[in-house]
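Peer 1: My questions will all concern the structure given below.
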């Protein structure tokens with residue numbers, strides 16, 4: 001049995017209530033864990049199987065999760081049900097720790113698995129910084145064919161310690177991916193403790209940490225040394241700092257300066273729980289803007305902001321491939337600008353509606369904004385699932401009662 005199949009079973013098991021088989025959270029859990037597995041199977045087996053089926057199933061899953069998280073965000077309902085119907089909390093905590101160790105140790109076990117180009121590119125950018133060379137301008141890189149200058153400076157800066165400490169690129173890429181993974185697990189545990197008090201908070205913290213550690217796609221990201229857990233880590237940090245205008249602005253700004261994706265939730269996090277004073281909104285926006293400006297300023301290329309955009313966000317957004325619904329169905333490409341406009345409209349609208357929202361609603365709406373953005377992309381990979389995974393876990397698991405089988 002593949003590790004992805006094992007993790008799928010482990011992810012689902014704690015949330016299944018055999019006495020209430022038709023509760024909605026069962027469907028949520030199944031869609032969360034299953035919709036991208038066709039894609040993972042296709043990639044892990046070197047392109048065998050039907051990519052069209054994988055893309056179709058993945059987009060159907062994204063659409064379902066988009067609708068569900070919008071419903072949770074705009075019309076939250078507190079569920080009167082056990083979050084852990086069968087599994088005791090202590091066992092879930094132990095399993096979360098064990099699975100985290102599996103994430104960190106698997107690259108040592110499967111050391112012949114290559115590091116994906118994303119990991120290599122992140123290390124190459126760190127090498128440029130350490131050597132004092134220009135960060136943007138792929139022709140100046142050792143391996144320009146990897147498109148190594150397409151991320152924000154924060155990504156490369158965060159890879160610098162690993163690149164300096166470890167001689168081989170593959171080791172540095174794996175170590176960085178493992179570190180971001182571990183920090184996200186810890187952050188999710190702390191977030192659960194933040195959202196609930198006492199034993200309920202500890203229980204929720206273990207649930208969120210376990211969900212991340214058992215999620216097949218977070219394992220996929222760590223096993224191949226992707227850098228996508230950076231987005232998840234910044235979102236978790238922003239959720240932890242949601243009550244602080246400076247804190248949430250800082251972490252969303254850092255995420256935007258790393259992988260751009262958090263920009264779609266920037267209006268939501270700047271306004272926070274809603275009903276905030278104009279001063280707090282301005283402070284949050286100023287913190288976000290300041291972080292982006294400080295991180296980008298030393299690395300602006302000779303071509304200025306236009307060249308910077310074209311090498312990074314412009315290239316990523318306009319990238320086309322057969323791994324998206326648009327690449328598989330070029331006849332509907334005319335609809336894509338409409339979808340993009342809807343994504344922008346949704347991102348802006350979430351700054352104002354609903355006027356007041358709980359942290360769970362913020363997590364749900366953030367998930368929806370990222371899902372909408374992913375549906376507009378011309379190139380999609382299962383590693384992108386981890387962008388919204390932590391806030392999706394909060395949206396689906398933090399709204400119910402925290403009773404469990406002790």
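Peer 1: I'm told residue 348 meets every condition in (1) farther than 27 Å from residue 70 by Cα; (2) in contact with a helix residue (DSSP H, G or I) (Cβ under 7 Å, 6 or more places away or on another chain); (3) exposed (fewer than 15 other Cβ atoms within 10 Å of the Cβ); (4) at pLDDT 90 or above except one. Can you identify the failing condition by its number?
Peer 2: (1)
Peer 1: It is to be established whether one or more residues within region 330-342 are surrounded by fewer than 13 Cβ atoms within 10 Å (Cβ to Cβ), more than 18 Å from residue 238 (Cα to Cα) and either touching a residue at least 24 places away in the same chain (Cβ under 8 Å) or touching a helix residue (DSSP H, G or I) at 6+ places or on another chain (Cβ under 8 Å) (or both).
Peer 2: Among the residues of region 330-342, at least one is surrounded by fewer than 13 Cβ atoms within 10 Å (Cβ to Cβ), more than 18 Å from residue 238 (Cα to Cα) and either touching a residue at least 24 places away in the same chain (Cβ under 8 Å) or touching a helix residue (DSSP H, G or I) at 6+ places or on another chain (Cβ under 8 Å) (or both), which makes the answer yes.
Peer 1: What's the total number of residues in region 18-29 that are surrounded by fewer than 16 Cβ atoms within 10 Å (Cβ to Cβ) and either touching a residue at least 12 places away in the same chain (Cβ under 8 Å) or more than 18 Å from residue 398 (Cβ to Cβ) (or both)?
Peer 2: 5
Peer 1: With the requirement that a residue be in a loop (DSSP other than H, G, I, E, B) and under 23 Å from residue 208 (Cα atoms), what does region 20-62 give you?
Peer 2: Those that are in a loop (DSSP other than H, G, I, E, B) and under 23 Å from residue 208 (Cα atoms): 20, 21, 22, 23, 35, 36.
Peer 1: Follow-up. Across region 294-319, what is the total count of residues that are under 24 Å from the mean Cα position of the chain (by Cα) and either over 22 Å from residue 139 (Cα atoms) or not in a helix (DSSP H, G or I) (or both)? Talk me through it step by step, then tell me what you get.
Peer 2: Just the residues of region 294-319 that are under 24 Å from the mean Cα position of the chain (by Cα), to begin with: 294-296, 308-319.
Those left that are additionally either over 22 Å from residue 139 (Cα atoms) or not in a helix (DSSP H, G or I) (or both): 294-295, 312, 319.
The number of residues fulfilling the criteria is 4.
Peer 1: Just checking, how many residues over region 7-17 are surrounded by 15 or more Cβ atoms within 10 Å (Cβ to Cβ) and without any contact (Cβ under 8 Å) to a residue 60 or more places away in the chain?
Peer 2: 1
Peer 1: Additional query: So the check is Cβ under 7 Å with 6+ separation or different chains; which pairs have a first residue in region 41-60 that's free of Cβ contacts under 8 Å to residues at least 60 places away in the same chain and a second one that's buried (at least 18 other Cβ atoms within 10 Å of the Cβ) and part of a loop (DSSP other than H, G, I, E, B)?
Peer 2: If the second residue must be buried (at least 18 other Cβ atoms within 10 Å of the Cβ) and part of a loop (DSSP other than H, G, I, E, B), the pairs left are 57/35; 60/35.
Peer 1: Could you name every one of the helices (runs of 4 or more DSSP H) located completely within region 148-266 that has at least 1 residues being in contact (Cβ under 8 Å) with a residue 60 or more places away in the chain and more than 30 Å from residue 285 (Cβ to Cβ)?
Peer 2: It comes to 169-195, 198-214, 216-224.
Peer 1: Testing residue 291 on (1) in a loop (DSSP other than H, G, I, E, B); (2) under 30 Å from residue 360 (Cβ atoms); (3) touching a residue at least 40 places away in the same chain (Cβ under 8 Å), one condition comes back false. Which one is that?
Peer 2: Condition (1) is where residue 291 drops out.
The values are calculated or read from the model by the stated rules, or taken from the named source; none is laboratory data. Computed from a predicted model, the values in this text were never measured in an experiment. Counting neighbours? That spans all protein chains shown, and the Cβs are built from the backbone with ideal geometry, glycine included.
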